[in-house]
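The values are calculated or read from the model by the stated rules, or taken from the named source; none is laboratory data. Nothing here was measured: the structure is a model prediction, and the numbers come from that model. Here the Cβ positions follow ideal geometry from the backbone for every residue, glycine too, while neighbour counts run over all protein chains shown.
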Amino acid sequence: MNNSVSNTGRLLWAGLRALLMLTLMTGVIYPLAVTGVAQALFNGKANGSEVRADGKVVGSSLVGQQGYSLDYFQPRPANGLGENSVNTQYKLLLSGATNLSADNKDLIKQVEDAKAKVVRDNSVPGYTVKPSEVPADAVTSSGSGLDPDISPAYAALQIHRVAEKNDLPVARVRKLVDEHTEGRTLGFVGEPRVNVLELNIALRALTAKS
């Protein structure tokens, strides 16, 4: 009887020591080590890839923003975004895709309406946008609805409108787009892209100088 109680006590103590050691290693030491390495080597990414302008944070290079006026470059549509319906105390933005099939009538209408708007908004005196020139990312949302980038083709399509709205030479706005066009990651992953937030910050700085 005494041996049984003694063995049980030793097993419980060994289990408790293992629990405490694993808790210390995986719950304290490992997170601190990973956080330290991230802060030391990838400080910007570890802190949300913040984008600053005029000395303050204006957004993240990883998250697209909506609501730009036509004086600025426009992002991709955000048709997949929604709001939570469970917690009514806070208004939370939910990312996501539309989940509509390619032959869905609602999606087809959304795309057609978006294309007509892109043509209308970006056609200025001396430059008319053709429906066939509108790229796919100009009329469809991304899987998250929060894509921060647009294709170089969509950025180029907006150059004449942005130049006219801001009284800037077309060539100067085109150069601005070229300067903010990123190539494929590692030279072969993904597609060339333009970060809309960073481009618009540069545009704002340019118009301020002008």
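Taking the range 53-62 as the region of interest, how many residues are more than 10 Å from the chain's Cα centre (by Cα) and at pLDDT 80 or above? So the answer is 2.
Taking the conditions (1) in contact with a Leu (Cβ under 6 Å, 6 or more places away or on another chain); (2) without any contact (Cβ under 8 Å) to a residue 40 or more places away in the chain in turn, Ala163 satisfies each one other than (1). Acidic (Asp, Glu), surrounded by fewer than 20 Cβ atoms within 10 Å (Cβ to Cβ) and under 26 Å from Gly55 (Cβ atoms), is that true of Glu133? Considered against the rule, which asks whether it is acidic (Asp, Glu), surrounded by fewer than 20 Cβ atoms within 10 Å (Cβ to Cβ) and under 26 Å from Gly55 (Cβ atoms), Glu133 comes out as no.
Listed by position, the helices (runs of 4 or more DSSP H) contained in the range 103-210 that have at least 2 residues being aliphatic (A, V, I, L, M) and over 23 Å from the mean Cα position of the chain (by Cα) are 105-122, 170-179, 196-209.
Within the range 1-48, count every residue that is of a type in the set (Gly, Ala, Ser) and either within 30 Å of Leu62 (Cβ to Cβ) or in contact with a helix residue (DSSP H, G or I) (Cβ under 8 Å, 6 or more places away or on another chain) (or both).
Residues of the range 1-48 that are of a type in the set (Gly, Ala, Ser), as a first pass: 4, 6, 9, 14-15, 18, 27, 33, 36, 38, 40, 44, 46, 48.
Within this subset, residues satisfying the condition of being either within 30 Å of Leu62 (Cβ to Cβ) or in contact with a helix residue (DSSP H, G or I) (Cβ under 8 Å, 6 or more places away or on another chain) (or both) are 27, 33, 36, 38, 40, 44, 46, 48.
Summing the residues that are of a type in the set (Gly, Ala, Ser) and either within 30 Å of Leu62 (Cβ to Cβ) or in contact with a helix residue (DSSP H, G or I) (Cβ under 8 Å, 6 or more places away or on another chain) (or both) in the range 1-48 gives 8.
Listed here are the residues, each with its yes/no results for (1) modelled with pLDDT of 90 or more; (2) under 30 Å from Arg120 (Cα atoms).
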site: Arg17; (1), (2): yes, no
site: Leu22; (1), (2): yes, no
site: Thr26; (1), (2): yes, no
site: Phe42; (1), (2): no, no
site: Gly64; (1), (2): no, yes
site: Gly67; (1), (2): no, yes
site: Leu70; (1), (2): yes, yes
site: Leu81; (1), (2): no, yes
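From the list Ala156, Ala171, Ala205, the lone residue that is of a type in the set (A, V, I, L, M, F, W, C) and either modelled with pLDDT under 95 or buried (at least 20 other Cβ atoms within 10 Å of the Cβ) (or both) is Ala205. Against the condition without any contact (Cβ under 8 Å) to a residue 24 or more places away in the chain and in a loop (DSSP other than H, G, I, E, B), how does Leu100 come out, does it pass? Spelling it out, Leu100 is indeed without any contact (Cβ under 8 Å) to a residue 24 or more places away in the chain and in a loop (DSSP other than H, G, I, E, B).
Any residue that is loosely packed, with under 11 Cβ neighbours inside 10 Å, in the same structural domain as Ala163 (by TED's automatic domain parsing) and at positive phi - is there at least one of those in the range 56-66? No, the range 56-66 has no match at all.
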